[in-house]
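For reference, the structure discussed in these notes is given below.
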Amino acid sequence: MIRVNDDIILHDWELSEAFSRSSGPGGQNVNKVATAVELRFEAARSPALSQTVKARLKRLAGRKWTKDGAIIIRAEGTRSQARNREIAEERLVELIRRALVAPKRRIATKPTLGAKKRRLDAKTRRGQVKVLRGRIEED
């Protein structure tokens, strides 16, 4: 069971873990012990998340989102299986917390009249500089 915030708790049936050999540090140990963790969260079937949060989560997860609506997070940075498990859970919680924040709606604005005038004056001045760089005519 993972607590995301006060309202959202991910239950054990939504999560599954698979362990494999890691490509990270570990010396001879790397060939013997399965320290890499692959955490699978059934996001599409989770009752803890609303549809809007699931849609944002799908966009944020990108390639981690599978066709059947699960998020797969792989952690293999340390030699410890327990630490890799914690890292994977932290990544999942952070991803869900980012999906919980609704993006602000952009309000279209017009440039002010003064801004338009300043822009056109700057363009005119720049054009004059370029004209003055031209070939000098002899009288």
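Is it true that some residue in the stretch 4-15 is in contact (Cβ under 8 Å) with a residue 60 or more places away in the chain, within 30 Å of residue 102 (Cβ to Cβ), in contact with a helix residue (DSSP H, G or I) (Cβ under 9 Å, 6 or more places away or on another chain) and loosely packed, with under 15 Cβ neighbours inside 10 Å? Yes, the stretch 4-15 contains a residue that is in contact (Cβ under 8 Å) with a residue 60 or more places away in the chain, within 30 Å of residue 102 (Cβ to Cβ), in contact with a helix residue (DSSP H, G or I) (Cβ under 9 Å, 6 or more places away or on another chain) and loosely packed, with under 15 Cβ neighbours inside 10 Å.
State yes or no: is residue 39 within 21 Å of residue 103 (Cβ to Cβ) and either modelled with pLDDT under 90 or in contact with a helix residue (DSSP H, G or I) (Cβ under 8 Å, 6 or more places away or on another chain) (or both)?
Against the criterion (within 21 Å of residue 103 (Cβ to Cβ) and either modelled with pLDDT under 90 or in contact with a helix residue (DSSP H, G or I) (Cβ under 8 Å, 6 or more places away or on another chain) (or both)), residue 39 does not qualify.
Here the condition is being within 30 Å of residue 3 (Cα to Cα) and either modelled with pLDDT of 95 or more or loosely packed, with under 10 Cβ neighbours inside 10 Å (or both); of 101, 93, it holds for 101 alone.
The values are calculated or read from the model by the stated rules, or taken from the named source; none is laboratory data. Given the structure is predicted, the values throughout are model-derived calculations rather than measurements. Here the Cβ is made from the backbone with ideal geometry for all residues, glycine too, and neighbour counts use every protein chain on show.
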